[in-house]
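Have a look at the structure below before the remarks.
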Amino acid sequence: MTALLRPEEIDRAAALLRAGELVAFPTETVYGLGADARNGRAVAAVFEAKGRPHFNPLICHYATAEAAFADVRPDERARALAAAFWPGPLSLVLPRRAECSVDLLAGAGLDTLAVRVPAHPLALDLLRRVDRPVAAPSANRSGRVSPTTAQDVVEELGRRIAAVLDGGPCPVGLESTVLDLTGAGAVLLRPGGVPVEAIEAAIGPVGRALPAERAAASATLRSPGLLVSHYAPALPLRLNATEVAPDEALLAFGPPLPGARLVWSLSDSGDLREAAARLFAGLRWLDAEAARRGGFRRIAAMPVPAHGLGLAINDRLARAAAPRPDDAAQG
Ligand code: AMP
Ligand code: MG
């Protein structure tokens, strides 16, 4: 049974998070489904609990701007916005630092990371006690509305999570504004609690990239691997491999196929949560190792069962395997 924790029991919530358990907590926007962002298995459990059929990058929550900026590289604009709106409902997408402590799965394998300092006193207190970044999407099942009370969360996620920290109803009830600062021009990825006009007053004009336009752009481009929201390895990927060629690196699930010269095992025992936690690190490692050793033309991926987290793993592998526009140029 999910524990409904009172604010006085906040230390228990912090201890559960540090132990890799999932704990929902109130923010000023909506209830977040929190996990230790440095723990890949805990992050995988978030996707599992939400029942998301794909991995999308999660926002990482911090107690202070200083802690956030230890994981990502802020520029002038980010510093100005943090000073003006943090703590508050504004998430900034910034480049990950090389030494970023957040697990790759939390950022869906990207070189960028969305960070924010929430304004809710209980959330801030929790983040201070956890003393680690906490990855937290809205605490609802995939495709359903975001919860604004602890009771909503229990109805949505019930037995799937260890605890809900009950801080009463969320004051904003609207998600955080998501702003991409990784390019020369700031781009609004999602309107939310901080109005874009207020952001423009602080840093000047902001480009709009509303979800409908982004979806349309991705359909036209037909290059999921190249879009900013998808990570894909440099080497082409072959799916559902049942044997492996000498010039193929192997992404294994379960006992590795015989004969592979370069292997990353997602999970020897066939555990989907472990596989999800090791997916992006594995694609990056195989890419880098194959380039370093030379003589590899492709990554062969063994089949992953299409249920639970396997759906999201297969979605990402299928995107990575899709033809890309520059394939022709590479001959
Ligand atoms: P949620 O976790 O449900 O609040 O949604 C998080 C939102 O932030 C989604 O729209 C994500 O696509 C977006 N987001 C998070 N991280 C990134 C990132 N690194 N790049 C682009 N968008 C991001
Ligand atoms: Mg959501």
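The values are calculated or read from the model by the stated rules, or taken from the named source; none is laboratory data. This structure is a prediction, so every number in the text was calculated from the model and none was measured. Here the Cβ is made from the backbone with ideal geometry for all residues, glycine too, and neighbour counts use every protein chain on show. We work out accessible area using only protein heavy atoms, side chains counted, and drop any ligands, DNA or RNA first. Shrake-Rupley method; radii C 1.70, N 1.55, O 1.52, S 1.80 Å.
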Item to check | Spatial separation of Cα centroids for the stretch 44-63 and the stretch 251-270, in angstrom | outcome: 25
Next on the checklist: Show me the ranking of peptides 297-309, 124-136 by mean Cβ neighbours inside 10 Å, starting with the highest.
Outcome noted: 124-136, 297-309
Next on the checklist: Taking loop as defined by DSSP and a crowding limit of 15 other beta carbons within 10 Å, which GluC sites (Glu not before Pro) in the stretch 236-331 fit?
Outcome noted: 243
Checklist outcome for this item: Note to self, the chain gives a 222 nm [θ] from helices alone (DSSP H runs n ≥ 4, -39500 (n - 2.57) apiece, / all residues, nearest 500) of -10000 deg cm²/dmol
Next on the checklist: Using a 1.4 Å probe on the protein heavy atoms only, what accessible surface does residue 120 show? Give it in Å² to the nearest 10.
Outcome noted: 20
Checklist outcome for this item: Quick tally, 1.4 Å probe accessible area for 231, 62, sorted with the most first, runs 231, 62
Checklist entry - So how exposed is residue 11, as accessible area in Å² (1.4 Å probe, rounded to 10)? => result 90
